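Dropping a structure here in structure tokens format, bear with me for questions.
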Amino acid sequence: MPRGPIPTGSLSFGRRTEDAASEVIFAFTRLSLGLVRVYPLRMSPGSKPKQRAQFFRELAQLTAAGISVNQAAKVLGQDWRDATVRGAVSQMERGLAEGGTIAGALGPNLNAMEHSVIGSAERGGKLSQGFRHLEEYYHLLDQTIDRVRGALLYPLFMLHAAVLLPALVSAVTSKSSIPGALLTRLGWIWGALALLWLGGKWLGRLARASTVVDRLLHALPYVGSTRQGLALARWHAVMHFNITSGQRIADGLREAGTATSSARLESASRAAAKAVDDGSELGAALISQRAFPREMAGALAAAEFTGTLDTETQRWSRQSMTEAAYLMETSSKRLCAVFYGVVVLFTAWQILQMVGNYVGMYQKAFEDLGI
């Protein structure tokens, strides 16, 4: 069977990390600079989308070919070079040998969306489709992140040049330590970017538990729409596989809400689930929750009436994935334009400051000469 290239990098997948893609806007400096990240020695939900897409693609290929998951685990354990992935595969083998489910065996290495999709797909006999959907999700996310990273390179280069060149000229004219001056300025840049990254990560974590913070982030231009697009893509994926596997709608709503990593959408999903438990129809329960887009809720209401919820949730899942990728790319370009404008203004200020230093230096020299 033809196989893709064998990943050799780290594949660390953090239960609390929703998927690398939801932090693209808030942690875009981390993505562009490729800052070093320390991962635990196990596969956890915060891995790079490219590696994650490869992992699920291979599982989808093997299971679609009729190979049992036990055999697929043996193949993956032999082919992957990364020790963290081999450890996760070994854990899956042990869990299956003990009579556990696939989702349960992989549980510690999956985020909420993946656990729900794989668990529902397994119960509904659509395991390869579940793996394929996750592969498509992360593949699209990886492509978008690459474009975001590329768009950020030039503004970041300009920022470094604007900060380092005046420091270099100042060190030369004052005959001070050039390495010391440059390292000090680099410390300022990287410290500011690190604070931006940590602040975005902290806010993202707060938004998973606090509806107030989640609403504030949702109100931010570009950022809010991007976060909601990604959250809804995960919501629809979980709902689709829950419906196709014949699970209770209310249970699917609760799982889908958890998978969003958005306190606002999770609260709305739980409220809708309670309404369904009380006898309400899915469409009416969703329409009553303002957190859900009216167009989406109306489409699912019509699909419920016609008995096509399975196909409609699949359509919305793919549409949400595409829209989320578009929003990420568009938002990143606009944020890059803003960032670039700030860098240009900062550069102009630094040039004026440098010219002022030169003028002051020549004036002092003329004064010393008595001119």
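Hey, can you tell me all the residues within segment 237-257 that are outside any helix (DSSP H, G or I) and either in contact with a Lys or Arg (Cβ under 9 Å, 6 or more places away or on another chain) or on the phi > 0 side of the Ramachandran plot (or both)?
Once the filter is applied, which keeps residues that are outside any helix (DSSP H, G or I) and either in contact with a Lys or Arg (Cβ under 9 Å, 6 or more places away or on another chain) or on the phi > 0 side of the Ramachandran plot (or both), segment 237-257 yields SER245, GLY246, GLN247.
Results for (1) touching a Cys at 6+ places or on another chain (Cβ under 8 Å); (2) at pLDDT 85 or above; (3) of a type in the set (A, V, I, L, M, F, W, C), shown as yes or no for each residue.
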| position | (1), (2), (3) |
| --- | --- |
| LEU59 | no, yes, yes |
| ALA65 | no, yes, yes |
| SER68 | no, no, no |
| LEU76 | no, no, yes |
| ALA103 | no, yes, yes |
| GLY130 | no, yes, no |
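Does GLY130 satisfy the condition of being over 17 Å from the mean Cα position of the chain (by Cα) and either of a type outside the set (A, V, I, L, M, F, W, C) or under 18 Å from ASN70 (Cα atoms) (or both)?
The answer is yes for GLY130.
Right, here's the next one. Name the single residue, out of those in segment 76-113 being assigned to a loop (DSSP other than H, G, I, E, B) and of a type outside the set (Asp, Glu), that is farthest from GLN54 (Cα to Cα).
GLY99
Do you know which residues across segment 64-88 are among the β-branched types (Val, Ile, Thr) and either within 21 Å of SER116 (Cβ to Cβ) or exposed (fewer than 14 other Cβ atoms within 10 Å of the Cβ) (or both)?
If the condition is that a residue be among the β-branched types (Val, Ile, Thr) and either within 21 Å of SER116 (Cβ to Cβ) or exposed (fewer than 14 other Cβ atoms within 10 Å of the Cβ) (or both), then VAL69 is the only one that fits.
Under 8 Å between Cβ atoms, which residue pairs at least 6 apart in sequence (or on different chains) link something in segment 187-209 that is exposed (fewer than 14 other Cβ atoms within 10 Å of the Cβ) with a partner that is assigned to a helix (DSSP H, G or I)?
TRP188/VAL163; ALA209/ALA263
Can SER261 be described as outside any helix (DSSP H, G or I) and either at pLDDT below 90 or aromatic (Phe, Trp, Tyr) (or both)?
Considered against the rule, which asks whether it is outside any helix (DSSP H, G or I) and either at pLDDT below 90 or aromatic (Phe, Trp, Tyr) (or both), SER261 comes out as yes.
Let me ask something additional. For segment 190-236, how many residues meet the condition of being of a type outside the set (Phe, Trp, Tyr) and outside any helix (DSSP H, G or I)?
3
Only residues that are surrounded by 14 or more Cβ atoms within 10 Å (Cβ to Cβ), among the small types (Gly, Ala, Ser) and more than 33 Å from the chain's Cα centre (by Cα): list them for segment 160-186, please.
Once the filter is applied, which keeps residues that are surrounded by 14 or more Cβ atoms within 10 Å (Cβ to Cβ), among the small types (Gly, Ala, Ser) and more than 33 Å from the chain's Cα centre (by Cα), segment 160-186 yields ALA167, SER170, ALA171, ALA181.
Further question on the same structure: Can you tell me which residue in segment 210-244 is surrounded by the fewest Cβ atoms within 10 Å (Cβ to Cβ), limited to those that are among the β-branched types (Val, Ile, Thr) and under 30 Å from GLN129 (Cβ atoms)?
THR244
Starting from residues that are aliphatic (A, V, I, L, M) and under 13 Å from MET158 (Cα atoms), keep the ones in segment 336-352 and report whichever is modelled with the lowest pLDDT.
Filtering first and then ranking leaves VAL343.
Hey, any hits in segment 256-273 for a residue that's surrounded by 24 or more Cβ atoms within 10 Å (Cβ to Cβ) and closer than 15 Å to GLN314 by Cα?
yes
Name the residue that is surrounded by the most Cβ atoms within 10 Å (Cβ to Cβ), counting only residues in segment 336-355 that are β-branched (Val, Ile, Thr) and touching a helix residue (DSSP H, G or I) at 6+ places or on another chain (Cβ under 9 Å).
VAL343
So, ALA237, is that one at pLDDT below 90, under 17 Å from the mean Cα position of the chain (by Cα), hydrophobic (A, V, I, L, M, F, W, C) and closer than 30 Å to LEU335 by Cα or not?
Here the answer is yes, as ALA237 does meet what is asked.
Would you point out the residue of segment 310-335, among those that are hydrophobic (A, V, I, L, M, F, W, C) and within 11 Å of HIS236 (Cβ to Cβ), that is surrounded by the most Cβ atoms within 10 Å (Cβ to Cβ)?
For segment 310-335, the residue satisfying everything is ALA324.
Taking interchain pairs and intrachain pairs at least six residues apart, which have beta carbon atoms under 7 angstrom, with the first residue in segment 99-120 and within 20 Å of ASP310 (Cβ to Cβ) and surrounded by 24 or more Cβ atoms within 10 Å (Cβ to Cβ) and the second at pLDDT 85 or above and of a type in the set (Lys, Arg)?
Listed pairs, sorted by first residue: MET113/ARG234.
Same structure, new question: Residues that are at pLDDT below 85 and over 29 Å from PHE346 (Cα atoms): does segment 142-165 have at least one?
yes
The values are calculated or read from the model by the stated rules, or taken from the named source; none is laboratory data. A quick note: this is a predicted structure, and the numbers were derived from the prediction, not measured. Don't worry about glycine lacking a Cβ; one is built from the backbone with ideal geometry, like all the others, and counts go over all protein chains shown.
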